[in-house]
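Reviewing the structure listed below.
Nothing in this text is a laboratory measurement; each read-out follows from the coordinates by a stated rule. Keep in mind that what you see is a predicted model, and the values were worked out from it rather than measured. Please note: Cβ atoms are built from the backbone with ideal geometry, for glycine as well, and neighbour counts cover all protein chains shown.
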Amino acid sequence: MSKRDFLCLGDLSPEETRHVLSLAGTLKAAPKGSHADELRGRAVAIVMEKASTRTRVSFEVGVAQLGGHPVVLSPQGSQLARGEPVFDTARVLSRYCDAIVYRTSETTRLREMARAAVPVVNALSDDGHPVQVLSDLFTIEEVLRRRGDARRLSELTVAWVGDGASNMARSFVEASRLFGFALRIAAPEAYRPPADEVAGAGGRVSLHDRPEDALRGAVVVNTDVWTSMGQEAENAARMRAFAGWTVTEAMLKAAEPDAFVLHCLPAHRGEEIDDETIEGPRSVVWDQAENRLHVQKALLCFLLGV
């Protein structure tokens with residue numbers, strides 16, 4: 001099997017994505033420890049240049065549950081902090097490890113790492129967060145099945161409220177193109193996804209000035225922090241721009257009666273979402289967080305051909 005990277009959702013064909021999501025369901029349903037041979041004798045480097053809780057822990061635990069050895073590196077714990085070129089790190093890690101999970105900022109760094117001889121997984125970059133959105137798609141389908149709802153992704157309307165230029169929103173734009181669902185993004189004009197990415201979605205993405213307009217007909221309501229890592233200097237301006245955009249139970253009245261809420265976490269409660277909503281019956285945030293583990297295990301199995 002030739003080397004396969006997962007830098008964006010489009011690196012998997014629809015059939016391959018369906019295989020990964022199906023395998024994730026199998027892994028989630030299996031007793032703990034029953035798949036401990038898939039990565040036995042293999043090592044996965046987990047390189048975290050940005051702070052992480054869910055991404056780091058879900059990959060580290062996932063590799064261990066599959067019988068592999070996770071090697072976690074931070075910039076301070078490696079030569080990256082001292083200026084070693086990313087490609088040099090990639091070449092060395094390729095001699096030791098069977099895959100590299102890389103969380104960084106600049107997409108150029110991600111693509112340099114992808115020059116490694118082993119599969120590279122984008123664990124977050126400025127342009128996208130595909131492992132999170134892949135898990136979110138799994139969660140959406142899981143919720144629908146649990147409810148006995150036979151609708152497919154392509155039959156849904158998903159609303160995004162908040163920073164439409166974030167890596168999460170941009171990966172959802174890509175997902176709408178690949179999986180055919182309607183995506184309605186409510187964001188101030190200065191915080192919208194790149195126009196070429198919206199155009200590339202083939203009319204599936206619409207932009208709205210008011211959250212309530214985006215929520216009409218939506219089964220899934222998604223949001224994220226208004227100020228992401230590395231944007232702290234913009235916090236005051238962002239707080240002003242998004243004032244009144246907090247996802248609340250009152251706002252959700254504009255969505256479908258059975259609409260549910262996603263948030264990739266961490267949440268700034270009282271800003272992009274309030275306590276009542278994230279802890280309420282519409283929230284599937286904690287299932288969403290757990291599913292990172294199962295989907296990423298399935299993704300690694302696919303990329304490594306096991």
Least to most buried among 102, 191, by other C-beta atoms within 10 Å and fewest first, runs 191, 102
If you rank 192, 292, 82 by fewest surrounding Cβ atoms within 10 Å, what's the result? 82, 192, 292
Give me the extension gain from residue 212 to residue 29: residue separation times 0.36 nm, minus the current Cα-Cα distance, reported in nm with one decimal. 62.2 nm
In degrees from 0 to 90, rounded to the nearest 10, what is the angle of the helix 54-65 Cα long axis to the longest principal axis of the chain? 40 degrees
Would you mind computing, in nm to one decimal, how far apart the modelled labels at residue 22 and residue 3 are, each placed 7 Å from Cα along Cα→Cβ? 2.9 nm
Segment 177-275: trypsin sites (Lys or Arg not before Pro) in DSSP coil with no more than 11 other Cβ atoms inside 10 Å: 253
In segment 227-293, which GluC sites (Glu not before Pro) fall in coil by DSSP and have 15 or fewer other Cβ atoms within 10 Å? 279
Could you list 160, 245 so that the one with the fewest beta carbons within 10 Å of its beta carbon is first and the one with the most is last? 245, 160
Which angle between 0 and 90 degrees, to the nearest 10, do you get for helix 167-179 versus the longest principal axis of the chain when only C-alpha atoms count? 90 degrees
Segment 1-72-segment 254-306 distance, computed between alpha-carbon centres (Å): 18 Å
Using 0.36 nm per residue of separation minus the Cα-Cα distance, give me the extension gain between residue 108 and residue 195 in nm, one decimal. 29.3 nm
